[in-house]
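Reviewing the structure listed below.
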Amino acid sequence: MNYPPLYLRKNSERTVRNGHPWIFSGAVERRPKDADTGDIVDVFDSHERFVCRGFYNKRSLIRVRSLTQNASSAIDQAFFEQRIAEAAEFRRGTGLSTVTNAMRLVHGESDGLPGLIVDDYAGYLVVQFHTAGMEKQRQTVLAALDTALCPMSIFERSDVGTRRAEGLKDRPTGLLAGAKPPEFVEIEEHGVRLHADLYRGQKTGFFLDQRDNRFLLQRLANGKRVLNLFSYSSGFSAHALKGGASHTIDVDVSSRVMHSARRNLEANRLDESRTDLLVADVFPFVEELADRGPRYDIVVVDPPSLLRKHSQLKQAMGVYTKLNRNAFRLVVDGGLLVTASCSARVSQEDFFQIVRRASAGARVRTRMLAYNQHSADHPVDPAFPDGRYLKCIFARIKR
Ligand code: SAH
C-alpha cells in the first residue's frame, strides 16, 4: 500500500525511530502534495528510507502522529482492531479488574492510537476523538471497537479543548451504539461506590487517573479531618470516608459537580461522619483560611491544569507554589498534604521544586510518603515523555 509521502530534514528521524510518536513542523523538509489534514501519510528520512506511517495535520505544530513504523501495515479496520485488542490485553495484565469496574481502555498515543480515548464505566464505553486523523477514521474505529470489545454501549464525549488545536469543532454528546447510559453510572473502585456523570461531567465523566491516589488516601484517613480542594465529584472524600475519616469538606467552583458529589458522599458516609460541600473559588478561599492557622489532618489539592502553553510555565509555577504554601499552612503537625499537578508541561522536577518552595514558605518540614503518577490504565511509554502528565505527592508535615 502507498500513502502520500512526506520527507524529513536531515537527522530529524531519530526520536520517531526511538518510539516518540510526534513529528513537529520544523522537522519537515517536503510536505505531501496530495494530502489534507487528517489524512494518512508515509514519512521518509532524508535518504528516502521509510520512517513511519501516521496522521497528517497541516495546521498543527504536531505535523504527523505516528501510527506504525511497519511499512507493510495498512491502516484499516484490522489495524484498529488489533491495537484495541492489545490495549485491552494490557489492562487485563494490570489486575485492575479485581478492584474496579471502571477504567481507561485506550489512552491515545500510549496505546499506539493517537487521539483516541476510550473509557469503560461498568460496561458503558465513552469515546473521545481528539485529533483530525482519528476523527477521519471515526467509522472504522467504531466498527473496530465493536468487533474487538463487543461493548454494551458506546457514548461520545468529543467536547475537548484539544480538538480546537487540531482544527476540529466539538461534537454533540450522545449515544453512538447500544444501550443508553443512565444519568449517573454507578461504578466501584477499591470498595467505594462512585458515580460517573457521562453526559455533563468533566473529561468522560470521572477522573480515573487518580484512582491509586484515592485508594492510598482511603488507607491513611481513619479518624482524620480532611479538606478536599478542587473536589469535583468528591472521589477523594468518598475514599477517605470509606477509610473512616471523621469529617470531610469538599470545595469546588462548579455547582454542577455537586450532584455527583452528593451521591458519592452519601453512598460511603459512615453514620457518625460529617461531610460538607462548598461551592467556592479555592484560591481566595484557601488564602483566607490559611490565615486562621492549621486545622486539618489531611489537605488534598488537585487543581486543573494551570497552563496551556510552555511560555506560561514560570507564572503557573508561582500560582502552584502559592496555592501549596497556603495548603501547607492548613495542615496540623504530623498531618498530610496530598498535592497533584495534572499538567504535562510541569515536569517532575518542576513539581518537586513547587513543593519544596511551598513548604519552605509555610515553614514546615516535609517528607514524601509517596510519589505517584496516573494509574496503570494510563500507561506511560518512556520514549514518550509528553504522555506523562499526572504527578501526586503525599507529604508528611512537621512544624
Ligand atoms: N480530585 C478530583 C478531580 C479534580 S479536577 C477527583 O479525584 O475526581 C479539578 C476540579 O477543579 C474540577 O472539578 C473544577 O471544577 C475545579 N476547579 C477549577 N478551578 C477552580 C477554582 N478556582 N476553585 C475551585 N475549584 C476549581
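The values are calculated or read from the model by the stated rules, or taken from the named source; none is laboratory data. Please read all numbers here as calculations on a predicted model, not as lab measurements. With ideal geometry, Cβ positions are generated from the backbone for all residues, glycine too; neighbour counts draw on all protein chains shown.
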Quick check, is LEU278 within 16 Å of the ligand (Cβ to nearest atom), touching a Lys or Arg at 6+ places or on another chain (Cβ under 6 Å), of a type in the set (A, V, I, L, M) and without any contact (Cβ under 8 Å) to a residue 40 or more places away in the chain?
-> no
Of the residues SER260, SER255, which is free of Cβ contacts under 8 Å to residues at least 40 places away in the same chain, within 11 Å of the ligand (Cβ to nearest atom) and small (Gly, Ala, Ser)?
-> SER255
Go through (1) of a type outside the set (A, V, I, L, M, F, W, C); (2) within 13 Å of the ligand (Cβ to nearest atom); (3) touching a residue at least 60 places away in the same chain (Cβ under 8 Å) and name the single condition GLU186 misses.
-> (2)
Kindly indicate whether any position in the stretch 381-395 is charged (D, E, K, R) and within 16 Å of the ligand (Cβ to nearest atom).
-> yes
In the stretch 189-209, how many residues are closer than 18 Å to ARG263 by Cβ, within 10 Å of the ligand (Cβ to nearest atom) and not in a strand (DSSP E or B)?
-> 6
State all residues of the stretch 103-126 that are closer than 21 Å to ASN57 by Cβ, assigned to a strand (DSSP E or B) and in contact (Cβ under 8 Å) with a residue 60 or more places away in the chain; if no residue qualifies, say none.
-> HIS107, ILE117
Since ASP45 meets every condition but one in (1) surrounded by 18 or more Cβ atoms within 10 Å (Cβ to Cβ); (2) closer than 19 Å to ALA132 by Cβ; (3) more than 28 Å from the chain's Cα centre (by Cα), which condition does it not meet?
-> (2)
Checklist (1) over 29 Å from ARG59 (Cβ atoms); (2) surrounded by 15 or more Cβ atoms within 10 Å (Cβ to Cβ); (3) modelled with pLDDT of 95 or more applied to GLY201, failing item = (3)
Got at least one residue in the stretch 52-66 being closer than 19 Å to LEU149 by Cβ and loosely packed, with under 14 Cβ neighbours inside 10 Å?
-> no
Would you be able to tell me the number of residues in the stretch 219-252 that are crowded, with 20+ Cβ neighbours inside 10 Å, more than 12 Å from the ligand (Cβ to nearest atom) and of a type outside the set (A, V, I, L, M)?
-> 4
Among strands (runs of 3 or more DSSP E) completely within the stretch 329-399, the ones holding 3 or more residues that are among the basic types (Lys, Arg) are 391-398
Hey, among the residues in the stretch 333-350 that are away from the ligand (no atom under 16 Å from the Cβ) and within 20 Å of ASN228 (Cβ to Cβ), which one's surrounded by the most Cβ atoms within 10 Å (Cβ to Cβ)?
-> GLY335
Could we say that LEU265 is within 13 Å of the ligand (Cβ to nearest atom), over 29 Å from ARG193 (Cβ atoms) and buried (at least 19 other Cβ atoms within 10 Å of the Cβ) here?
-> no
Is it the case that some residue within the stretch 30-38 is closer than 24 Å to ASP377 by Cα, modelled with pLDDT of 95 or more and in a strand (DSSP E or B)?
-> no
Hey, ALA340 modelled with pLDDT under 95 and within 22 Å of the chain's Cα centre (by Cα) or not | no
Quick one: which of ALA196, ALA179, ALA122 is on the phi < 0 side of the Ramachandran plot, among the small types (Gly, Ala, Ser) and more than 16 Å from the chain's Cα centre (by Cα)?
-> ALA179
Do you know which residues across the stretch 133-175 are in contact with a strand residue (DSSP E or B) (Cβ under 9 Å, 6 or more places away or on another chain), surrounded by fewer than 19 Cβ atoms within 10 Å (Cβ to Cβ), modelled with pLDDT of 95 or more and part of a loop (DSSP other than H, G, I, E, B)?
-> MET152
Of the conditions (1) in a helix (DSSP H, G or I); (2) among the hydrophobic types (A, V, I, L, M, F, W, C); (3) under 22 Å from the mean Cα position of the chain (by Cα); (4) more than 24 Å from GLY205 (Cβ to Cβ), the single one that PHE79 does not satisfy is (3)
